[in-house]
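To start, the structure itself, in structure tokens.
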Amino acid sequence: MATRISCSVVSILVLVLAIHQPFTVHSRSLKSTDPSLTSFQSLEGAIKGQTRHGIREVKRYLKAFGYLDYGEGENDDVALMDDKFDETLELALRSYQKFYRLKVTGKLDADTVKQMSAPRCGVPDLVHPRHVGTNATKPSKFRMVARYKFFPNNPKWPPSQTRLSYAIGPVPKAIPLEEFRGVCSRAFQSWAEVTAFTFEESTSGSADIVIGFYRGNHGDGNPFDGPGNVLAHAFYPTIGRFHYDAEEQWSFNPGLTETDLESVALHEIGHLLGLAHSSDPNAVMYPSIPPGIIHRNLSQDDINGIRALYPEQR
């Protein structure tokens, strides 16, 4: 249903606290990786049973995005520090290939290496419930309907809170604030048109959602990795935090090496509302977006997902 967003200027600096706040209890949904993980070309062709320099980086990448889990404690730490291509890594690669609809080989083939090197959202594709809340004790997969997905326990905004305010936090000088406000307004409006939510920019200095640009370790336990790989991340309901990596090449009209601000905003707002990553490459909620690509229209998969999460709004 169509709604209207009212806007007024506000700029606040956000200090993201630790938990009940994000990541230690509410969410492990935004795990960044080391910049060295953006290139795996030297490992192309690696298979189970081999020991090759750099395999540990593949393990860290797959762990960061929810595919690999050796368990808590010492076993996890030891396994992640070696370069052995073991059975656990092979199984994790198979899960990764299945999610991205690649040929399921369990090997570091060319298509898998290419996908792992693509710029992407920092939210994991798979999340174990023990990373979500105190009542979750056993790992399980996302609830899956079509290709859209929800986070474990289906976190969402309460029925009484369909009017959400947002504020703009720190924005680099190279990005004109008024143009960026337009990006945010349009992205929120796209979601408002298919839900009962309304969004308005805050005038009071407080807001349900805060959007800003940050570099490296910015206080939420999930440091950005510099240019390449992780572009942005967002918290799911009801934390309301959305962070761009300030070191990326952002643009309102991207060229071949730049990333579209509005396309990423549309994606991250989906996380703020409770959608996880979709395995549909045509969906806004697909995890990766190449430089120069503009994806500013919700797909039917995105619409079906948000309406399934909030059936009371239909």
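Annotation: of all residues in the stretch 259-291 being touching a helix residue (DSSP H, G or I) at 6+ places or on another chain (Cβ under 8 Å), β-branched (Val, Ile, Thr) and in contact (Cβ under 8 Å) with a residue 24 or more places away in the chain, the one that is farthest from Phe150 (Cα to Cα) is Ile289.
Scanning the stretch 286-314 for residues that are under 19 Å from the mean Cα position of the chain (by Cα), hydroxyl-bearing (Ser, Thr, Tyr) and part of a loop (DSSP other than H, G, I, E, B) gives Tyr286, Ser299. Screening Arg181 against (1) farther than 24 Å from Lys149 by Cα; (2) among the charged types (D, E, K, R); (3) surrounded by 21 or more Cβ atoms within 10 Å (Cβ to Cβ) leaves a single unmet condition, (3). From the residues in the stretch 41-67 that are among the basic types (Lys, Arg) and part of a loop (DSSP other than H, G, I, E, B), which one is farthest from Ala92 (Cα to Cα)? Of everything passing the filter in the stretch 41-67, Arg52 is farthest from Ala92 (Cα to Cα).
Take His277 and tell me if it is assigned to a strand (DSSP E or B) and closer than 21 Å to Gly66 by Cα. First the steps, then the outcome.
Details: assigned to a strand (DSSP E or B): no; closer than 21 Å to Gly66 by Cα: yes.
No.
Here Val132 meets the list (1) under 22 Å from Phe235 (Cα atoms); (2) at pLDDT 95 or above; (3) of a type in the set (Val, Ile, Thr) almost entirely, failing just condition (2). Each residue in the stretch 73-113 was checked for being touching a Leu at 6+ places or on another chain (Cβ under 9 Å), in a helix (DSSP H, G or I) and not small (Gly, Ala, Ser), and 10 pass.
Is it fair to say Pro227 is more than 21 Å from the chain's Cα centre (by Cα), more than 30 Å from Gln313 (Cβ to Cβ) and surrounded by fewer than 18 Cβ atoms within 10 Å (Cβ to Cβ)? Full working, then the answer.
Numbers: more than 21 Å from the chain's Cα centre (by Cα): no; more than 30 Å from Gln313 (Cβ to Cβ): yes; surrounded by fewer than 18 Cβ atoms within 10 Å (Cβ to Cβ): yes.
Against the criterion (more than 21 Å from the chain's Cα centre (by Cα), more than 30 Å from Gln313 (Cβ to Cβ) and surrounded by fewer than 18 Cβ atoms within 10 Å (Cβ to Cβ)), Pro227 does not qualify.
When the test is whether a residue is at pLDDT 95 or above, under 11 Å from the mean Cα position of the chain (by Cα), surrounded by 24 or more Cβ atoms within 10 Å (Cβ to Cβ) and assigned to a strand (DSSP E or B), His267 does not pass it.
The values are calculated or read from the model by the stated rules, or taken from the named source; none is laboratory data. Just so we're clear, the structure is a prediction, and the values are computed from it rather than from any experiment. Glycine also receives a Cβ, built like all others from the backbone with ideal geometry; neighbour counts cover every protein chain displayed.
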